[in-house]
Structures are given as structure tokens and as C-alpha cells.
């Protein structure tokens with residue numbers, strides 16, 4: 001079985017990178033993780049050979065810091081990841097994150113893979129509803 005895990009943020013760092021680490025670590029411990037695509041990674045239990053890193057990560061990071069445009073950074077990563085996916089033979093499973101995986105998901109699907117897309121938070125309307133209820137509990141009035 002070939003399982004590709006793709007995340008467009010540094011792997012095994014804070015936030016989403018930490019969440020991705022724990023998800024991929026579970027796949028690795030089950031013996032089914034084939035490869036991880038990421039801009040950068042911090043060493044961990046998963047062997048270095050399982051990683052491919054985005055060659056333009058420093059350029060996109062600096063550019064992103066100046067222009068604050070996630071769309072450019074995310075789409076460049078996704079384009080690179082989709083090309084890496086094309087290099088693999090048969091893929092059984094592709095696991096990616098929203099904002100980083102639109103092109104990759106389509107390529108993996110064409111190769112016959114089952115695709116999973118995760119997202120960092122709830123759908124925006126649902127998130128507003130939840131936040132509204134929580135604010136109300138503590139007596140704060142917020143107009144979204």
C-alpha cells in the first residue's frame with residue numbers, strides 16, 4: 001500500500017505542523033506511511049528518507065512574511081507536491097490538508113488513490129455559531 005501525506009506547513013513544529021506530525025506518526029507506526037511532502041520538518045521518529053521538502057521553502061517563507069499572502073505560498077507548495085505525486089507509481093491513499101492540496105488531490109485521484117482532505121478548523125458559519133454560543137455563556141455580546 002502506498003500512502004502519501006502532504007502538509008503545506010513545517011512538519012513537527014507548532015500548530016498545524018504538530019497536528020500533522022501526530023497524524024502521520026500514527027500512519028508510520030501502523031507501517032502504512034510511504035512518504036511525507038512538506039516545506040520543512042523537524043527530526044522525529046519518522047525516518048528522514050520518508051520526507052521530501054519543498055525546494056523553494058525559504059523563498060516562499062520570506063515572500064510570505066513580506067506580502068502576507070497564504071494563497072501564493074499554498075498554491076506553489078501544492079503545485080510542487082502534485083508534481084512529486086506524479087513521480088510515484090501507484091498510489092492507494094492521498095492525505096492532504098485544505099488550502100495546500102487542490103491540485104495534488106486531483107492528480108492523486110486520477111492515479112486511483114482514495115483521497116482524504118483535512119481542514120484546520122470548522123466551516124466558517126458553524127465556527128461563528130459555536131463562538132457566539134461560547135461568548136454568550138460568559139456574557140459577552142459579539143456581532144459577527
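The values are calculated or read from the model by the stated rules, or taken from the named source; none is laboratory data. It should be emphasised that the depicted structure is a prediction, and the values quoted were computed from it without experimental measurement. We place every Cβ from the backbone using ideal geometry, glycine too, and count neighbours over all the protein chains shown.
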Residue that is surrounded by the fewest Cβ atoms within 10 Å (Cβ to Cβ), among those in region 26-54 that are touching a helix residue (DSSP H, G or I) at 6+ places or on another chain (Cβ under 6 Å) and farther than 22 Å from residue 74 by Cα
46
Unmet criterion (only one of (1) touching a helix residue (DSSP H, G or I) at 6+ places or on another chain (Cβ under 8 Å); (2) surrounded by fewer than 17 Cβ atoms within 10 Å (Cβ to Cβ); (3) closer than 15 Å to residue 81 by Cα) for residue 99
(2)
Write out, first by first residue and then by second, each pair whose Cβ atoms fall under 6 Å of each other, whose residues are 6+ apart or on separate chains, and whose first residue, in region 110-129, is on the phi > 0 side of the Ramachandran plot and surrounded by 12 or more Cβ atoms within 10 Å (Cβ to Cβ) while the second is at pLDDT 80 or above and not in a helix (DSSP H, G or I).
none
Counting residues that are in contact with a strand residue (DSSP E or B) (Cβ under 7 Å, 6 or more places away or on another chain), at pLDDT below 95 and over 17 Å from residue 1 (Cβ atoms), which helices (runs of 4 or more DSSP H) fully inside region 30-115 reach at least 1?
none
Given (1) part of a helix (DSSP H, G or I); (2) at pLDDT below 90, identify the lone condition not met by residue 22.
(2)
Give me the residue from region 8-19 that is crowded, with 16+ Cβ neighbours inside 10 Å and assigned to a helix (DSSP H, G or I) and, out of that set, modelled with the lowest pLDDT.
16
